[in-house]
Structures are given as C-alpha cells and as structure tokens.
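Structure, as structure tokens:
Every read-out reported here was derived from the displayed coordinates using simple, explicitly stated rules and does not represent laboratory data. Just so we're clear, the structure is a prediction, and the values are computed from it rather than from any experiment. A quick note on method: Cβ atoms are made from the backbone with ideal geometry, for glycine too, and the neighbour counts reach across all protein chains shown.
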Amino acid sequence: MLNSLRKIVQEVTQEADFPVAVQLLVARVRKVLGTEVCSIYLVDGEDAGYLLAATEGLNAAQIGRLVLAKDQGLVGLVGRRAEPLNLDTAPSHPNFFFVPEIGEEPFNAFLGVPILHQGRVLGVLVVQQRESRRFDESEEAFLVTLSAQLATVVAHAEAVGTAILSGPKSDTISDARFRGFPGAPGIGIGTSVVIQPAADLDAVPYRDASDVSVELMLLDRAIEAVRNDIQTLIHDLQTSLPEEELVLFDAYLHMLDDSGLAGDMREQVRMGQWAQGALRRVIRQYLRQFEVMDDPYLRERGTDVRDLGIRILGYLQQIREKKTQFPARTILVGEEVTPSMLTSIPPENLCGVVSVKGSGHSHVAILARAMGIPAVMGAVDLPAYELEGMDLIVDGHYGDVFAQPNSERVHGYQELVDQERSFDQELSGLSEQPCITLDGWRVQLWVNIGLTGDITRSLDHGAEGVGLFRTEVPFMTKDRFPTEVEQRVLYREHIEAFNPRPVTMRTLDIGGDKSLSYFPIQEENPFLGWRGIRITLDHPEIFLVQVRAMLKASAGLASELRIMLPMISGLGELRAAKQLIEQAFDEVVEEGMEIRRPQVGVLIEVPAAVYQARLLARESDFVAVGSNDLTQYLLAVDRNNPRVAKLYQEIHPAVISALREVARAAHAEEKPLGICGELAGTPAGAILLMAMGYHVLSMNATHLLKVKWAIRHVRRSDARRLLAKVLRMHTAEEVTPFVAQELSRLGLDKMVLPRRTGADQVA
C-alpha cells in the first residue's frame, strides 16, 4: 500500500491541471482500495459549503455543480469535527443527508477524512461501498495520509486560482494572495525576479521566450555540448568498462535525438517557452512516466533522464552569460532565498524579498531587516517559479504577498509606503539626540554588526556602541579558518571605526543553523548539539587564536573591548572560558603589547542560564541576553521551521518572565545588563525591556531610530505600569493586542502595525 500511495502522490503532484489531478486521484484511490466510490468535496468560496470536485462512482454530471451546505450531511460533519468518520451503515446516521441527484442511495459503508492545511479544513475525501462494513485501520490510515499530501495540492491550487471548478476560469494569476510570515517590516511594490540555484531543474521558472529563435539556438548548443561530453566519456571508458555497461551511454545519446528529449524540448520552445523552462517541462513529463512504472529497473531509468536534464541545464546556464537584469524595483523570489542571493543584487534595486522556505527568524530575514528590505518568509503555497516578471506587493508587516494586484490594492499600499517614507524623514533628525524617556531615564542604544557594510549605517544612525559583533561572519566567508593576523585586521577595522565607543565581540558561535563548509558538523538535533562555547572549549586552539586577535586589535584604542561568551549553560563553562581568556591575555602581554584587560560577559540564551543568572553574573563583568535563542529554547520552537514558526512568540509570557528574572539577577549583583536579540529592535519590546531595567538595547541599525523615537515619547513610569500588567497575562494572544492598544494610548500610534488597506480587508 505504501508503494501505491507513493505512485498516487507522484501522479497527482506532477499534474499541472488541477481538475485533472483530483479526478486522477479519486480514480486511483478507488482502484487501490477496491471500493465502489471515491469522491472529493472542497470548501466552496465565502459560504464555506462543500463543492463536489471529483468523483468515481457517483453522478459525474454533478462535478462542479453540487454544493452541500457547510453543516449538511456526513461531509459537513467530517469538516466540522476535522476528524475521520467511519460508518458501516451511513444512511442510519442522524447526520445523513439524502441528495437524490448524486446517486449514492445504494452505498452503506462510508469513510470520510478531512483535507487539512495549516489547521484549516480545505475539503473532505470520501470512499463508499455497498457492503455494510467498517473500513479497517489500514484503509483509514491510507486515506488520512493521502489527504495530508492532497492538502498541499489543494492549497496551492486555491492560492493561484486554479481550484475553480465552475464558472469562469483564468489561465493567469490575478490579484492572488499568498500567506507567509513577516520577515522584515515594510511594504515593497515592484516586479518579481525569481532566483534559482545553479543546475537545479526544480528551481527553473517558467517564462515566455523573448526570442524563440535565440532560445532554440541556446538549446541546440547545450544539447550538442552534452552529446560531445557523452561521446568523449564513451571513448575514455571503452577500455575500462564492459560493453554492456557502455550501452547506458548509448541510451543517453539516443534520448538526445530529435525523436526523444531534444525534439520534445524544441517543440516546447516553438510554443513560446524559454529554453530552460522547456527543458524542465519535458524532463518532468518523462520522469512522471518512469516513476509510476512497476518494474524497478525501468523506474530507476528516471534517474538517467534527470541526470541528462541537469547536464543540459548546466550548459544552458553557462551559455546565458548575460547577467540577470534587475528592474529598478526588484522583488526577489525564491524557493529558499539565502543571504548570498540577497547580497548579489544591487541594494538600490531591491525593494522586497519573498522566500517559500524559512521563517521570520532565519538568517536571511535577519539580514533583510538589517538592510531595511521588506520580507515575507515561509510562504509555503507560493508558486515561486510561476511568478517571474509579475507585479508583486510584499507586506512585511503581516506576511502577505499579492501577485498581479488590482489598482485599488496598489493604491492602498502606495499610501502606506508614502506614510512610512514621511516618518523616516522625521526620524532622520534623531541620530544625534540622546535616548532619554520623558521622565529622564537614560537608555543606551547599541548595534549588532557582522559585515563591514554595517559600520557606516550604524554610525549614521547614532549607535552608541556595539552590543554584538558576530565574529562568525569572517569564518563563514572563507574556505578555511582565518589566521590570527586576518582576524586581527578585520577586528581592528571595526573597533577603530567605533572608537571610543565600546565594542562587544561574541566569540565564535557556530553550530545549529550556522555551519562552516570546511568544518562540517553532522547532527540529528544540531540546536541541542555541539555549538557555541561547546565547540571552542573543545578546540582551545581556535578560541585562543581568536581571543589573541581581539586583544591585539584593541591595543592603543580608547574603545572598551568586551568579550561575550555564547551558549553558556553553567558556571563550569564560564570559568573554563575565562581561564583561556586570561591565558591569551598573558601571551599577548608577553609579546610586549600594551593592552587593557577586556571585560568578559556571559550571553544568556538557554533556560539553564536563566536559573543560574545570579551566579553567572557574580563571576562576569556584564550580562547580556540573546533573546532569539532563549525564546527558541524556552518555547521548544525551531525558528527556521515554517510549520511551527507561528509558535515563536517573542512576547510570550514565559519569555517576558525569563527576561525579568535575568534583569533581577543582574541588578542584584550590580552588573551592567544588555540584550542583543531581535526583541530589542521592536518598539514594544524595547519599552518593556527598558521597564525591566535593561541598560543597553542592541539591535540592527535600521531599527535604532524607531526605537529611539518610541523611548523618547514615553515615561518610564508608564512603561513599568505596562510591564506590570503584561506580567499578569497568560498567553501571547493576550499580550500582543494589549501592548498595541497601550502604545496607541500613550501616543505611539506610529509604532503600531499599519492598518490593512480597504483592498486588503476584503481579500
């Protein structure tokens, strides 16, 4: 049955025509289970009734016509309960509803399972049989598993508008809304450019050919190049491989003939598709045929087809030497946008980012926030490779993407953009102003940096120090560990730039979702594995080199060097690290350099450190909180996983309470207290942290002026009253709207998310 399930899923997901796909599914399910009826009912429009989308065994004339009310019949009951319903005599059930025109009178056995996507019921999958009997557990499990797979297909079709089974249909996306997670705040209105990894067939977007003759020429050159490669390979292997093995390469050559792949690809190009899109479409068609074959040998030949496709694609991408032309207002779209992809585009052209994978707390989202680029992450239903060249709106406040928006929606969002620009101009005059509340409480605003490009932006925004220098960045950009000299030069550049401001340098923090290509770490659970201080204590040679580089970089400068230790979970790690730092200090002094002893602090980002915060503070020069990881560990949520990203809540009561406990511990030991997580860069978070007594708020430079504006417009006494009320709340769902309401009451309306436009409200 598992093999049958795999085949059905492959066939359905590879079928581009949605009505054909669901009809194919019911036919296959009826055959596999040996039932007499299989039907799919989908939620129909605003009234949330159930439309008969496909059936095998009932009256096919009712497909796209029959609609059951949302509470009607057994289908409605399955949808309402969102759980399977297995009956041996369905007509005797009190919820049974007789529909004469559908023809289900003879059938007694009934099994219905909900089609669920991200907690929302999209439809119901039903099988029926004349015989009065209950479907067994394996049949029920099969249907539940299949409906889970079907849900993504339905959600995608719903998003792009291809799930329409009755009424007018459109072949193009029009004012379609896709939901993701807020990655970076702001509104982006522009034209999509789909970015694809090198030689990845699945990442090739479909795109109309601008010149069919040019695309045919490119395709022919790529095919000829692959043919030459294979012929060379045959020649080189003739003496080392038996003849029967060489036959495989002959088969490759035959597939490249006009009667095979090559001819089909040329036909696709003549129909108006660009060469890479034609290649992808033809390869997928061939793969579909091979993957459903029962014979294992023939099924594996699909691998050969994919290999050929990748070879041809590689040449196509090489031949097309012309760099991608980025429109003046580019919105970057990709299956999984990476930091390197983001930084490959001229920043003046980039106005938005959309990634199918990832969350609002992934590194690309953090980078987008640092750059001030609106971003939406985890838009899992977005048909990324169908959006090339389309007009898009990226709503980074709410996590929405609109493809081919209508004029009303564009107008509404343009008004929001204009309002944000006006506010940014107001903020520009604050860079030299101190961050002081209306009742005289002083807060220091520092920055998180990692790239040299962060320096200018940070100083222009009035940063008073560096709360987090991500020293792993130079490690991640090289193909080996950087030398002490290389590190010293880089660190010196940053410390000198901020001189005489204090600079906090976090020791190497790799592992988890930060890996080095030359130092691979393979773990089943990397976030609970070998990372942060654990790695550097196990490799003191790496730690000592880095600390010596930091110390030497600070020599002769007024800036206070602060060394911060990540992922500390107990006193033993802190003491071991301090001993190594002392060793490095002595070594540098012995070399004859005049340096000051650095401040050594602990970064609290695991729950154990919260409960030992006072002990850790007692043996540290300062205390800082890494709220991103602390939130992740407290809530047991991988912030990069879009399935659970909505559970990552920075103002969850548990997080707020933990932050309060750390503050109490630091105050009790009279140690400076800071925070360098994303929470500090939100006006609401900054006000709550200021109320707790955090002395230093460190954030990306793009957030600094907004936070300063917010703090300068409140009294600390009001902030403390707000905090007291928040600490009495039990859920994030209570906290979020309450804080927004209170900020508005205190005159901070500009810090509250902009209201949705009229066009957005009716979407």
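Values for this structure:
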| item | result |
| --- | --- |
| Helix axis angle, 18-33 relative to the chain longest principal axis, alpha carbon, degrees | 70 |
| For the stretch 434-759, size of Cβ-based charge dipole, Lys and Arg +1, Asp and Glu -1, in debye | 1420 |
| Cross-link pairs K514/K671; K357/K706; K478/K514; K706/K750; K646/K725; K357/K646 - those with Cα-Cα distance over 20 Å | K514/K671; K357/K706; K646/K725 |
| Ranked K646, K708, K514, criterion: other C-beta atoms within 10 Å, fewest first | K646, K514, K708 |
| Partners for K31 among lysines (Cα-Cα distance below 26 Å; same-chain residues under 8 apart left out) | K7 |
| Per-residue Cβ neighbour rank within 10 angstrom, fewest leading, F18, F98 | F98, F18 |
| CD proxy at 222 nm, helix term only [per DSSP H run n ≥ 4: -39500 (n - 2.57); per residue of the chain; nearest 500] | -14000 deg cm²/dmol |
| Cα gyration tensor category, rounded, prolate or oblate, for the stretch 2-160 with a/c compared to 1.5 | rounded |
| Relative contact order of the chain, pairs being alpha-carbon contacts under 8 Å that are 6 or more residues apart, as % | 10 |
| Volume in Å³ per residue [convex hull over Cα atoms, computed for the stretch 546-586] | 70 |
| Among L382, A141, G260 - extreme Cα towards positive end, dipole of the chain, charges at beta-carbon | L382 |
| Environment charge of L430, counting only residues whose C-beta is closer than 14 Å and scoring Lys/Arg +1, Asp/Glu -1 | -1 |
| Mean shadow area of the chain over all directions, Cα convex hull, nm² | 38.8 |
| Per-residue HN-Hα couplings for the stretch 643-655 [Karplus 6.51, -1.76, 1.60; θ = phi - 60°; Hz; x = Gly/Pro] | 5, 10, 4, 5, 7, 7, 10, 5, 10, 4, x, 5, 5 |
| For the stretch 434-759, projected area of the alpha-carbon convex hull averaged over all directions, nm² | 17.5 |
| The stretch 682-699 - phi-based ³J(HN,Hα) in whole Hz, Karplus 6.51/-1.76/1.60, Gly and Pro as x | 9, x, 5, x, 4, 5, 5, 5, 4, 5, 6, x, 6, 7, 10, 10, 10, 7 |
| Debye, to nearest 20: dipole size of the stretch 502-611, +1 on Lys, Arg Cβ, -1 on Asp, Glu Cβ | 280 |
| Phi-based couplings in Hz for the stretch 62-69 (Karplus 6.51, -1.76, 1.60; Gly and Pro marked x) | 8, 4, x, 10, 6, 10, 8, 4 |
| Taking I63, I373 and counting other C-beta atoms within 10 Å, the order from fewest to most | I63, I373 |
| Computed over the stretch 571-695: relative contact order in percent, which uses C-alpha pairs under 8 Å that are six or more apart | 23 |
| Sequence ranges 397-404, 739-746, 423-430, ranked by mean other-Cβ count within 10 angstrom, highest first | 397-404, 739-746, 423-430 |
